[in-house]
Amino acid sequence: MLLNAAPSPVGIVRAALACLAATACAALLFAAPALADERPPQVRAWAIEFPLTDFARSSIDFADVREGGPPRDGIPAIDDPRFHPVASETTLSGREAVISIALPGETPRAYPLRYLMWHEIVNDRIGGRAVAVTYCPLCNSAMVFEASQAGAELTFGVTGKLRHSDMLMYDRETESWWQQAVGEAVVGLHTGARLQHLPSRLEGWAQFAARHPEGLVLSQPRAIRPYGSNPYVRYDSAIRPFLYDGALPPHGIEPLARVVRVEGRAWPLSRLRAEGRIEEAGLVLHWSEGQASALDSSDIGAGREVGSVIVQDARGRDVAHDIPFAFAFDAFFPDGEWMLGPR
């Protein structure tokens with residue numbers, strides 16, 4: 001090597017370009033923390049937990065999001081559901097609540113709340129159709145969705161976050177966050193998209209078994225949980241919802257009173273229970289005994305009677321509906337219609 005040789009013109013140009021590149025890299029290096037710091041602290045923390053989520057896309061106020069306690073997937077969704085025939089079920093009591101779904105041409109299935117209480121989501125396939133069976137105990141919202149968006153199948157997990165006391169789910173494909181109570185993406189790539197809400201029923205086990213003796217029921221998951229017990233004892237008799245700061249429902253309706261929701265309308269369950277049958281807004285609603293509240297006693301099957309609901313159209317076809325607490329309907333449908341009946 002010639003230490004005292006004069007630098008060539010090419011060497012001078014290369015050195016200058018290298019200096020400029022180093023200066024630009026240094027500027028970016030020192031600017032990066034400043035740019036990251038512009039995001040709220042909780043968003044920076046969420047971005048570590050959800051690295052694929054596009055937090056620049058959102059339809060909600062992040063101040064409304066609260067930590068529910070468990071971290072991401074601390075409440076594990078069921079991804080490999082196993083089933084057994086109705087005739088071989090020996091664990092469930094007759095009034096124990098199940099979410100049931102009967103898709104055309106497919107064997108009806110029942111998903112006991114004794115399992116969903118601890119897992120909140122079941123990712124399943126019925127025939128060739130991907131479905132997400134979901135339950136949020138804090139809102140009593142039991143909904144089944146077609147698990148796809150723009151032709152692409154999705155699988156869901158539990159974020160560990162709540163908004164208006166309702167579970168925020170996330171899809172594992174884009175890590176977009178979805179509001180369980182309405183099936184709408186509220187953060188991330190899919191913001192603004194909605195999942196198709198499929199007709200299902202929340203009913204007593206004996207009611208499902210009598211109607212579908214050829215049906216299937218979800219088998220106990222392999223996880224170690226106190227299945228059959230209710231970790232929210234007397235929750236649906238509480239004065240206020242858990243982790244909820246919003247307004248209380250109007251018309252003197254108790255916040256944890258159940259309502260029958262069909263899109264933006266809500267019928268108080270107390271009214272339907274008293275009347276037995278309501279025909280309004282092109283729908284026919286029925287109430288019957290046979291379901292225990294899963295959020296009352298420590299034993300899920302021994303809770304007080306809340307009854308089961310059927311919602312059908314004028315042609316007798318099941319209609320997609322939900323039976324949430326009144327505060328949840330008011331929070332997510334602030335301009336919704338309360339079907340209080342004649343006065």
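The values are calculated or read from the model by the stated rules, or taken from the named source; none is laboratory data. No experiment lies behind these values; they were computed from the predicted model shown. Reconstructed Cβ throughout: ideal geometry from the backbone, glycine too, with neighbour counts over all protein chains shown.
Scanning segment 72-91 for residues being under 18 Å from PRO137 (Cβ atoms) and touching a helix residue (DSSP H, G or I) at 6+ places or on another chain (Cβ under 9 Å) gives a total of 4. Against the numbered list (1) surrounded by 14 or more Cβ atoms within 10 Å (Cβ to Cβ); (2) more than 20 Å from VAL187 (Cα to Cα); (3) of a type in the set (D, E, K, R), GLU106 comes up short only at (1). Checking segment 197-216 against the condition returns no match, with no residue being without any contact (Cβ under 8 Å) to a residue 60 or more places away in the chain and in contact with a strand residue (DSSP E or B) (Cβ under 8 Å, 6 or more places away or on another chain). Among the residues of segment 206-220, those identified as under 23 Å from MET117 (Cα atoms), crowded, with 17+ Cβ neighbours inside 10 Å and in contact with a Pro (Cβ under 9 Å, 6 or more places away or on another chain) are PHE208, GLY215, LEU216, VAL217, LEU218. Just one of the listed residues (HIS164, HIS190, HIS197) is under 19 Å from VAL319 (Cα atoms) and either at pLDDT 95 or above or surrounded by fewer than 20 Cβ atoms within 10 Å (Cβ to Cβ) (or both), and it is HIS197. For ILE253, the requirement of being touching a residue at least 24 places away in the same chain (Cβ under 8 Å), in contact with a Ser or Thr (Cβ under 9 Å, 6 or more places away or on another chain) and assigned to a loop (DSSP other than H, G, I, E, B) is met.
In segment 116-128 there is at least one residue matching the filter, namely being surrounded by fewer than 22 Cβ atoms within 10 Å (Cβ to Cβ) and at pLDDT below 95.
Among residues that are β-branched (Val, Ile, Thr), more than 20 Å from LEU138 (Cβ to Cβ) and buried (at least 20 other Cβ atoms within 10 Å of the Cβ), VAL284 is not included.
Scan segment 59-78 and tell me whether some residue there is surrounded by 17 or more Cβ atoms within 10 Å (Cβ to Cβ), of a type in the set (Asp, Glu), within 21 Å of VAL182 (Cα to Cα) and outside the structural domain of ALA328 (by TED's automatic domain parsing). No: segment 59-78 contains no residue that is surrounded by 17 or more Cβ atoms within 10 Å (Cβ to Cβ), of a type in the set (Asp, Glu), within 21 Å of VAL182 (Cα to Cα) and outside the structural domain of ALA328 (by TED's automatic domain parsing).
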